[in-house]
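Each remark here refers to the structure printed beneath this line.
What follows is calculated from the coordinates using simple rules that are stated; it is not laboratory data. No experiment lies behind these values; they were computed from the predicted model shown. No Cβ is skipped: glycine too gets one built from the backbone with ideal geometry, and neighbour counts run over all protein chains shown.
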């Protein structure tokens, strides 16, 4: 099974790094495919909307974006309902968990577990991506599977997410 990751803009990959981390490809958001950053001007042709401003994310969902990454991991019921209605995927940025200090990391594990559970109860597909802004922040495929399991995904679903769902987001 091939795995795919999504890194944030500014992440500069070296040759062969994706393979060494266990991925067939690591796509850079904004460079390899269009991303709408909720904190910036609107980009309505994007496949992924990313940020913390729920009103902007909601606007992108209504305009047909295929996936939303909620950077702060807080549930917004209005946004989640719109995602369900519009068949929009949720991307959980695992960097929000792995790049924080111990106390904040525990809170983010709890938040990520809750948002994933809420999304799955609404039949929203949940994908996992590092959203790393530098190569130091990237995780290997096995690490991403284990972090996904830590927040409540089973091993099969985590693999499905890193393969099928991430391929769908990046447009392969």
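P(r) tail, segment 70-135: Cα-Cα pairs separated by more than 15 Å, 49% of all pairs. Taking R0 as 25 Å, what FRET efficiency do you get between residue 135 and residue 84 from their Cβ-Cβ distance, rounded to the nearest 0.05? Between residue 135 and residue 84 the formula returns 0.10.
In plain terms, the residue of 134, 140, 148 with the fewest other Cβ atoms within 10 Å comes first and the most crowded comes last, giving 134, 140, 148. With a simple spin-label model that places each label point 7 Å from the Cα along the Cα-to-Cβ direction, the separation between residue 163 and residue 55 comes to 4.3 nm.
In Å, the Kirkwood hydrodynamic radius of segment 110-170 over pairs of distinct alpha carbons? Numbers along the way, then the final one.
Details: mean 1/r = 0.0831 Å⁻¹.
Averaging 1/r across every pair of different Cα atoms and inverting gives 12.0 Å.
Give, in whole angstrom and from largest to smallest, the semi-axes √(5λ) of the equivalent ellipsoid of segment 4-170, with λ running over the eigenvalues of the Cα gyration tensor.
Details: eigenvalues 96, 70, 44 Å².
The answer is 22, 19, 15 Å, longest axis first.
Arrange the following residues from fewest to most other Cβ atoms within 10 Å of their Cβ: 34, 104, 125. If you can, show how the numbers build up before the last one.
Numbers: 34 15, 104 12, 125 19.
The most exposed by this proxy come first: 104, 34, 125.
Quick one: order 118, 60 by neighbouring beta-carbon count within 10 Å, fewest to most.
Numbers: 118 15, 60 27.
By the 10 Å Cβ count, ascending, the order reads 118, 60.
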